[in-house]
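Accompanying notes for the structure given below.
Quick note: the coordinates plus some simple rules give every number you see, no bench work behind them. Just so we're clear, the structure is a prediction, and the values are computed from it rather than from any experiment. All Cβ positions, glycine included, derive from the backbone under ideal geometry; neighbour counts span all protein chains shown.
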Amino acid sequence: MTTKRACVIGWPAKHSRSPKLHGYWIEKYGLDGDYRIEEVTTDDFPAFIMNLAGHGYVGCNITMPHKDAAFQLSVPDDRAKGVGASNTLYFDNGVLRSTNTDVEGAMGALDQASPGWDKHTKSAVIMGAGGACRAVIYGLIERGIETIHVANRTYEKAVDMQTRFGDRVKPAHWDDLPKLLAGAKLLINTTSLGMKGQPPLEVDISGLAPDAVVCDIIYVPLPTPLLADAKARGFKTANGLDMLLHQAVSGFELWFGKRPEVTRELFDLLAADIAKA
Ligand code: ATR
């Protein structure tokens, strides 16, 4: 049997944690597999993708800045169509298909933080209105969340979310946050604020509901100041590394034929790596 190979394609991509993550599972399950980084420029990306099998790959992850192009160059499923971007590509009888597992990443992290959260959550507040926000909104709608407030520095981009996903999405100005956070049960940061090297995220979460869940897509640092604050206040938290691990599950299964488990041991392995960043 020949070795199954997958990769993450980005530009730049050399700091990706995906090889460590997939490599851990390949070893754990004793599979004949390989996962590596491919740094490919925007100009070279279409030719690379169209010859993915020729490069020896059974599939790949896509990261910045290629998620939109990957969507255009493959046959997307409903999730990728809904989000308008693809992060996981795989072959199905020779057809290059794609999905968006960032949706599962976000929902998996929330499930882990607070099993059953979706049964008693009617509304959510999302900060930010970029690509990550689209995946989160898609997941929240799949889970039946009725009202999704999107607060963004650039208000027009929050309006774009309503245009894309419909009236469940309520666009909001950044200054509306204090009002929106009073009594909120679910808060998700999808901005880059609070990331190492970026400005801090200054938001007062003291008025959230006592059983609130706070989620941050950022994983450098781990935890972010937002999540440290949330934890200190007794809220449940889901972090960006939880999301990264959960988004990786379906790709691994599609390429290597085994559904892997997200474990504390794997989390700690990646967290130790991130602490060095
Ligand atoms: P991604 O695809 O990872 O979501 P993105 O599309 O660049 O990344 O989105 C980044 C998000 O962080 C946006 O919502 C951005 O707000 P704008 O739409 O106004 O640009 C938000 N963001 C970045 N820097 C910010 C800052 N200094 N203050 C407030 N929001 C910020």
Output ³J(HN,Hα) for segment 110-122: one whole-Hz value per residue in order, computed from phi by the Karplus curve 6.51 cos²θ - 1.76 cosθ + 1.60 with θ = phi - 60°, and x for Gly and Pro.
5, 4, 5, 5, 8, x, x, 3, 6, 6, 10, 10, 9
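With n ≥ 4 as the cut-off for DSSP H runs, can you work out [θ] at 222 nm for the chain, using -39500 (n - 2.57) per run divided by the number of residues, rounded to the nearest 500? Spell out each step's value before the answer.
Numbers: 11 runs with 106 residues, N = 277.
Mean residue ellipticity at 222 nm (helix-derived): -11000 deg cm²/dmol.
Looking only at the chain, where both bridge partners belong to it, what percent of the DSSP beta bridges are antiparallel (to the nearest 5)? Provide the component values of the computation, followed by the final result.
Numbers: 8 of 41 bridges.
Bridges in the chain that DSSP calls antiparallel: roughly 20 percent.
Explain nothing, just the number: dipole magnitude of segment 72-152 about its Cα centre with +1 on each Lys and Arg Cβ and -1 on each Asp and Glu Cβ, in debye rounded to the nearest 20.
I would put it at about 160 debye.
Go through segment 1-37 and name the chymotrypsin sites (Phe, Trp or Tyr not before Pro) that are in a DSSP coil and have 16 or fewer other Cβ atoms within 10 Å of their Cβ.
Numbers: sites: 24, 25, 29, 35; in loops: 29.
Listed in order of number, the matching sites are 29.
What is the local net charge at residue 225, summed over the other residues whose Cβ is closer than 13 Å to its Cβ (Lys, Arg +1; Asp, Glu -1)? Intermediate values should be presented prior to the final figure.
Details: positive: 196, 231, 233; negative: 202, 204, 216, 229.
Result for the local shell: -1.
What is the sum of charges around residue 189, taking Lys and Arg as +1, Asp and Glu as -1, for the other residues whose C-beta is under 13 Å from the C-beta of residue 189?
Working: positive: 153; negative: 202, 216, 229.
Every neighbour counted, the sum reads -2.
For segment 8-68, just say rounded, prolate or oblate: build the C-alpha gyration tensor, square-root its eigenvalues into a ≥ b ≥ c, call rounded for a/c under 1.5, and beyond that prolate if a/b exceeds b/c, oblate if not.
Details: a/c = 2.95, a/b = 1.57, b/c = 1.88.
Judged from the Cα gyration tensor, segment 8-68 comes out oblate (a/c at least 1.5, b/c at or above a/b).
Looking at this model, which pairs from 81/119; 157/196; 20/119 are more than 32 angstrom apart at the alpha-carbon?
Working: 81/119 26 Å; 157/196 24 Å; 20/119 34 Å.
Listed pairs above 32 Å: 20/119.
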